[in-house]
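Quick notes on the structure that follows.
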Amino acid sequence: MIFTQQIDNNTLEVRLSGQLDRANHDELYIFFDYIQDLKVHTVRFNFSQLERIDSASLGYLILARQELLSRGIAAQLTNIKGQVWKSLNLMMFDKLFDIV
Amino acid sequence: MSLSLQEHHPLPSLKKHRFAAAANAKTIPDNARILVVDDDKLYQHFLSLTLRKAGAKHLFIAETGVEALTLARLHRPHLIILDINMPEMDGFECCAQLRKDPLFLHTPILVQTATQDEDNRAHMFNLGASDFVRKPINPSELIARSCVHIEHTMLLEHTQASVRFLQKDLLIAKEMQLSLLPSAHKVADLSTQHQIAVSNCFKNSHDLGGDIWDIHTIDAHRCMLYHCDFSAHGIASAINIFRFHTIMLELVKTIQSPKEMLEHLNAIYFETLPVDQFTKLFVAVIDTQHNTLTYSAAGSTRPVYTRFNTSKSLLLNTRSFPLGIVADASYTEHSVDFSQGDSLLLYSDALMSHSWQRQDFEDDNSICQFVNYHFENARSKNLPASSAHTSLFQSFQHTIEHHEQPLHDDVNIIVLTRNSDI
């Protein structure tokens with residue numbers, strides 16, 4: 001499940017919850033479309049409610065990062081834990097995203 | 001009971017509606033097949049004329065419910081226009097019978113009725129009617145409703161045909177994916193040559209995942225093993241797997257360093273793959289002369305490495321960028337002892353993310369403990385490493401092969417043990 005919430009004029013928080021896998025890929029695709037017109041300085045992905053994430057969903061995340069960075073928008077990850085942290089750590093996502 | 005046509009559902013004047021309906025009217029697609037079920041000759045004529053004027057080319061007329069079932073099976077109509085009051089089998093029974101047949105589960109049934117009774121209508125809906133058209137029938141309304149239902153049916157048919165086409169293609173791609181895996185004969189030859197027991201269990205994802213592995217002889221004392229997992233699924237995954245397999249067949253002839261191999265592949269994939277289709281890869285060279293296992297990883301799952309003489313299993317370090325995300329990524333080459341009895345387990349991440357009927361593996365630590373249990377058990381009973389290898393592999397194999405639900409990702413297990421008993 002993906003929820004977005006504007007924290008202030010400069011930051012959009014994207015909260016991901018449950019298991020992010022093939023069942024949610026349509027949502028990720030819609031989200032990717034949504035960020036094309038974003039006018040914020042930072043997009044922060046909040047993983048506090050995320051239990052698992054599959055490789056294809058991580059692919060979307062990398063694609064989103066690429067898109068955001070190309071338009072000067074910072075991509076941050078926050079509250080990563082458990083199995084999700086293990087997956088991201090193995091793939092050195094801490095070197096790709098700001099972890100806050 | 002036979003109803004008087006004039007009393008209960010008088011025919012509308014065709015002349016009155018002929019031109020009124022023409023201006024913005026929808027037309028029935030040329031290839032639409034419509035079955036009209038009505039015992040009243042006059043109504044048959046009226047419905048036929050109305051539908052033909054709207055473009056219908058394939059009309060079939062049944063006078064009874066029984067005849068309707070026969071004609072429906074013969075012509076597979078896109079729409080059935082059904083009367084209620086008929087001899088032999090009335091519209092209620094006919095509707096119920098049609099819905100019992102899987103062929104007509106989604107075929108729209110447009111019921112023509114003069115009744116105002118809401119309970120009767122509800123009953124028809126419960127029996128499977130899709131819609132109603134009230135008698136006396138307004139031709140424009142009949143055409144409009146018919147067109148909507150026919151369009152839906154044709155859309156559904158088109159979607160179902162596309163799904164069948166994709167399923168057939170996926171099935172072929174799955175078989176091709178399996179054909180790329182090393183054959184039992186190849187693995188047996190390699191096992192004998194290098195005295196390494198290799199066991200593999202591979203099960204495809206229901207929609208085609210991105211796993212592939214292989215093992216190649218480098219020379220008399222060395223062999224190279226790899227396990228690859230593409231992030232994408234479906235057709236993209238199939239294409240990626242085939243390209244990877246082809247590249248690797250050439251690369252193993254010239255590059256024997258896992259680190260060099262990954263850096264070379266990363267350069268290729270950074271240029272050619274979209275970043276969301278990254279690849280996780282583990283490459284190892286086993287040297288039976290120097291008793292070493294040299295490996296590099298690109299964000300792969302952490303293999304379980306077991307020293308048999310101490311029964312100590314541990315997870316190898318694989319922290320690194322997957323292939324295709326970062327230009328000029330550098331990879332580290334690690335080397336560990338790999339002597340007689342030592343073992344390596346490679347596995348897909350789906351082993352942890354999937355819920356198994358027999359046993360769940362919450363994370364890589366639980367897999368490591370599972371491996372350790374088998375080797376510890378063999379050692380405590382003075383059994384050889386081959387015994388631990390077999391029991392470990394059979395446990396995984398049983399878990400995976402006896403799992404009946406479809407898998408959301410490929411699952412691949414490779415157990416590799418240096419074994420002088422082979």
Per the filter on the stretch B:359-400, residues among the polar types (S, T, N, Q), closer than 24 Å to B:Lys203 by Cα and not in a helix (DSSP H, G or I) are B:Gln359
Within the stretch B:16-26, can one find any residue that is modelled with pLDDT of 95 or more and among the hydrophobic types (A, V, I, L, M, F, W, C)? no
Qualifying residue in the stretch B:170-181 (condition: under 24 Å from B:Thr294 (Cα atoms) and either within 14 Å of chain A (Cβ to nearest Cβ) or surrounded by 15 or more Cβ atoms within 10 Å (Cβ to Cβ) (or both)): yes
The lone exception for B:Ala96 - which of (1) under 24 Å from B:Gln160 (Cα atoms); (2) of a type in the set (Gly, Ala, Ser); (3) assigned to a loop (DSSP other than H, G, I, E, B) it fails: (3)
Evaluate the stretch A:35-46: report whether one residue or more is under 11 Å from the mean Cα position of the chain (by Cα), within 30 Å of B:Ser366 (Cβ to Cβ) and of a type in the set (A, V, I, L, M). no
Any residue at all in the stretch B:225-236 that's small (Gly, Ala, Ser) and more than 14 Å from chain A (Cβ to nearest Cβ)? no
Of the conditions (1) farther than 26 Å from A:Phe93 by Cβ; (2) within 13 Å of chain A (Cβ to nearest Cβ), B:Gly210 clears all except one; give me its number. (1)
Which condition number in (1) part of a helix (DSSP H, G or I); (2) within 14 Å of chain B (Cβ to nearest Cβ) is the one that A:Arg52 fails? (1)
Please specify each residue of the stretch B:77-98 satisfying the condition of being surrounded by fewer than 23 Cβ atoms within 10 Å (Cβ to Cβ) and free of Cβ contacts under 8 Å to residues at least 40 places away in the same chain. B:Glu88, B:Met89, B:Asp90, B:Phe92, B:Glu93, B:Ala96, B:Gln97
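Scan the stretch B:103-116 for residues that are surrounded by fewer than 15 Cβ atoms within 10 Å (Cβ to Cβ) and in contact with a strand residue (DSSP E or B) (Cβ under 9 Å, 6 or more places away or on another chain) and jot them down. First the steps, then the outcome.
Filtering the stretch B:103-116 down to residues surrounded by fewer than 15 Cβ atoms within 10 Å (Cβ to Cβ) leaves B:103, B:105-106, B:116.
Correct list: B:Gln116 only.
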Scan of the stretch B:322-358 for residues that are within 19 Å of B:Asn200 (Cα to Cα), in a loop (DSSP other than H, G, I, E, B) and within 11 Å of another protein chain (Cβ to nearest Cβ), ordered by number: B:Ser348, B:Asp349, B:His354
Exactly one of B:Phe393, B:Phe361 is aromatic (Phe, Trp, Tyr), within 14 Å of another protein chain (Cβ to nearest Cβ) and within 31 Å of the chain's Cα centre (by Cα), and that one is B:Phe361
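Of the residues B:Ser162, B:Ser179, B:Ser205, which is closer than 22 Å to A:Ser55 by Cα, hydroxyl-bearing (Ser, Thr, Tyr) and either within 20 Å of the chain's Cα centre (by Cα) or at pLDDT 95 or above (or both)?
Of B:Ser162, B:Ser179, B:Ser205, the one residue that is closer than 22 Å to A:Ser55 by Cα, hydroxyl-bearing (Ser, Thr, Tyr) and either within 20 Å of the chain's Cα centre (by Cα) or at pLDDT 95 or above (or both) is B:Ser205.
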Taking the stretch B:264-290 on its own, how many of its residues are over 32 Å from the mean Cα position of the chain (by Cα) and either over 20 Å from B:Asp211 (Cα atoms) or part of a loop (DSSP other than H, G, I, E, B) (or both)? 5
What do you reckon, is B:Ser296 closer than 19 Å to B:Met248 by Cα, in contact (Cβ under 8 Å) with a residue 60 or more places away in the chain, small (Gly, Ala, Ser) and buried (at least 22 other Cβ atoms within 10 Å of the Cβ)? no
Could you pull out every one of the strands (runs of 3 or more DSSP E) wholly within the stretch B:117-232 that has 2 or more residues that are touching a residue at least 60 places away in the same chain (Cβ under 8 Å) and either touching a strand residue (DSSP E or B) at 6+ places or on another chain (Cβ under 6 Å) or of a type in the set (A, V, I, L, M) (or both)? B:196-203, B:211-217, B:222-230
Can you find a residue that is within 13 Å of another protein chain (Cβ to nearest Cβ), surrounded by 21 or more Cβ atoms within 10 Å (Cβ to Cβ) and part of a strand (DSSP E or B) anywhere in the stretch A:77-99? no
Looking at the stretch A:2-22, can you tell me whether even one residue there is more than 20 Å from B:His408 (Cβ to Cβ), within 14 Å of chain B (Cβ to nearest Cβ), touching a Lys or Arg at 6+ places or on another chain (Cβ under 7 Å) and assigned to a strand (DSSP E or B)? no
Selected residue (criterion: farthest from the other protein chains (Cβ to nearest Cβ)) from residues of the stretch B:255-283 that are among the β-branched types (Val, Ile, Thr) and buried (at least 17 other Cβ atoms within 10 Å of the Cβ): B:Ile255
Among (1) surrounded by 17 or more Cβ atoms within 10 Å (Cβ to Cβ); (2) charged (D, E, K, R); (3) over 13 Å from the mean Cα position of the chain (by Cα), there is one condition A:Arg71 misses while meeting the rest; what is its number? (1)
Which of (1) closer than 23 Å to B:Ser330 by Cα; (2) β-branched (Val, Ile, Thr); (3) in contact with a helix residue (DSSP H, G or I) (Cβ under 6 Å, 6 or more places away or on another chain) is the odd one out, the single condition B:Thr288 does not satisfy? (1)
Is one or more of the residues making up the stretch A:36-47 touching a residue at least 12 places away in the same chain (Cβ under 8 Å), out of contact with any Cys (no Cβ under 6 Å at 6 or more places or on another chain), surrounded by 14 or more Cβ atoms within 10 Å (Cβ to Cβ) and within 14 Å of chain B (Cβ to nearest Cβ)? no
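Restricting attention to the stretch A:52-67, report how many residues are surrounded by fewer than 19 Cβ atoms within 10 Å (Cβ to Cβ) and touching a strand residue (DSSP E or B) at 6+ places or on another chain (Cβ under 7 Å). Outline the logic, then answer.
Step one: list which residues in the stretch A:52-67 are surrounded by fewer than 19 Cβ atoms within 10 Å (Cβ to Cβ), which gives A:52, A:63, A:66-67.
Of the ones still in play, those that are also touching a strand residue (DSSP E or B) at 6+ places or on another chain (Cβ under 7 Å) are A:52.
Adding up the residues that qualify gives 1.
Being among the polar types (S, T, N, Q) and more than 8 Å from chain B (Cβ to nearest Cβ) is the filter here, so list the residues in the stretch A:55-76 that pass it.
A:Ser57, A:Ser70, A:Gln76
The values are calculated or read from the model by the stated rules, or taken from the named source; none is laboratory data. Owing to the predicted nature of the structure, the values given are computational and were not obtained by experimental measurement. Note that we place each Cβ from the backbone using ideal geometry, even for glycine, and neighbour counts take in every protein chain shown.
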